[in-house]
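A quick write-up on the structure given underneath.
The values are calculated or read from the model by the stated rules, or taken from the named source; none is laboratory data. Because the structure is a prediction, the values reported are computed rather than measured. Glycine gets a Cβ as well: all are built from the backbone with ideal geometry, and neighbour counts include every protein chain shown. Note: accessible area is taken over every heavy atom of the protein model, side chains too, but ligands, DNA and RNA are not part of it. Shrake-Rupley method; radii C 1.70, N 1.55, O 1.52, S 1.80 Å.
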Amino acid sequence: MSVSGMITVSRRAVLSRVLYCALLANSFAMTLGAGMPDAVAQGARTESAWDVGVKSRARLVAGPRDGATLLAGLEIRLDPGAKTYWRNPGDSGLSPQFDWKGSENVAAIEVLWPAPSRLEDATGGVIYGYKEGVIVPLRITAKEPDKPVRLRLAFEYGVCKDICIPASAVLHLDPPTDRSIGNPALLLALNSVPERQESGMTGPLAFLGVERIVTDESKNPEYIVVATIPEGSEPVLFPEVPDGWHMRDPGKARINGTEAMFVLSMDAAAKTTEDRIKLRLTLTAGDQAVETEMMISPLAGTP
């Protein structure tokens, strides 16, 4: 039975992505060619101080601003051999937590996670995250577009080498209001954020559909995910379900030319009578990444 309820991606979201890529490209060109803008020369803060943590350090970096919308980034650098976690840490690890209490002139902050890698911890467990470091773009909406934004972040995250260790950072940044100012590395990070799409779209990397497998009523439900992939690539699928639920890592795909198939299995169920929950899927292949969302039936015996 096909799963319905696919999430439609708005044209505004796509245009917003294009706008910021253009703004950052302009900033990059200015930095390399014409030199740094006057606001930087006058000492405007384009990055916060580093907060050094366990096998890591973190800071905020500023990007361009266009009226009420500002791009910034959370940068994490890791010691050699260390890893940190994506929004879904995988089989083990700590989910990152953001506390923006104390920020000023902020209506909303959207965290734009770059596509993760599938890694292993010291015990052989699967984790989703990053090696060496990552810049996580932040799309910030100001309450008043003509006034400065002040960012105050208490950030909690996990760092893994031999064991998973909690880390934290307290970061302050008052970004400049000049729309031409930006950290060029933010452009690369923004381009690593998965493109959102509906299931059934066409393209070199795209979700074709999700089907629930009919199993014994006593078993947890399973699902087949089918996608098109670039020929010769090694796709990786990252499933996410709400808190209280757990879906097993699907492992390697079964590949036939430019088509890949993954099998997902619900490993644990929350104590709930919900007959539909949101499933978010992120698919990577080389330097490409796409993401989709849908509603699924999570309970054993539910069609």
- Note on the structure: Selection over the range 46-63 where residues are out of contact with any strand residue (DSSP E or B) (no Cβ under 6 Å at 6 or more places or on another chain) and either surrounded by 20 or more Cβ atoms within 10 Å (Cβ to Cβ) or under 17 Å from Arg152 (Cβ atoms) (or both) yields a count of 1
- Return yes or no: is Ser199 surrounded by fewer than 18 Cβ atoms within 10 Å (Cβ to Cβ) and among the hydroxyl-bearing types (Ser, Thr, Tyr)? no
- Message: Looking only at residues that are surrounded by 14 or more Cβ atoms within 10 Å (Cβ to Cβ) and assigned to a loop (DSSP other than H, G, I, E, B) in the range 231-257, which one is nearest to the chain's Cα centre (by Cα)?
- Response: Val241
- Item | Subset of the range 124-150 (residues that are free of Cβ contacts under 8 Å to residues at least 40 places away in the same chain and either surrounded by 15 or more Cβ atoms within 10 Å (Cβ to Cβ) or under 17 Å from Gly73 (Cα atoms) (or both)) | Gly125
- Message: I need a count of the residues in the range 84-113 that are basic (Lys, Arg) and closer than 21 Å to Asn191 by Cα.
- Response: 1
- Restrict the check to the range 95-118 and report whether at least one residue is assigned to a loop (DSSP other than H, G, I, E, B) and modelled with pLDDT under 95. yes
- Output for the range 151-196, where each listed residue is of a type in the set (Ser, Thr, Tyr), open to solvent by less than 50 Å² (accessible area, probe 1.4 Å) and within 29 Å of Ser92 (Cα to Cα): Tyr157
- Message: Report every pair of residues separated by at least 6 positions or lying on different chains whose Cβ atoms are under 6 Å apart, first residue within the range 182-202 and in a strand (DSSP E or B), second among the aliphatic types (A, V, I, L, M) and open to solvent by less than 30 Å² (accessible area, probe 1.4 Å).
- Response: Glu195/Val290
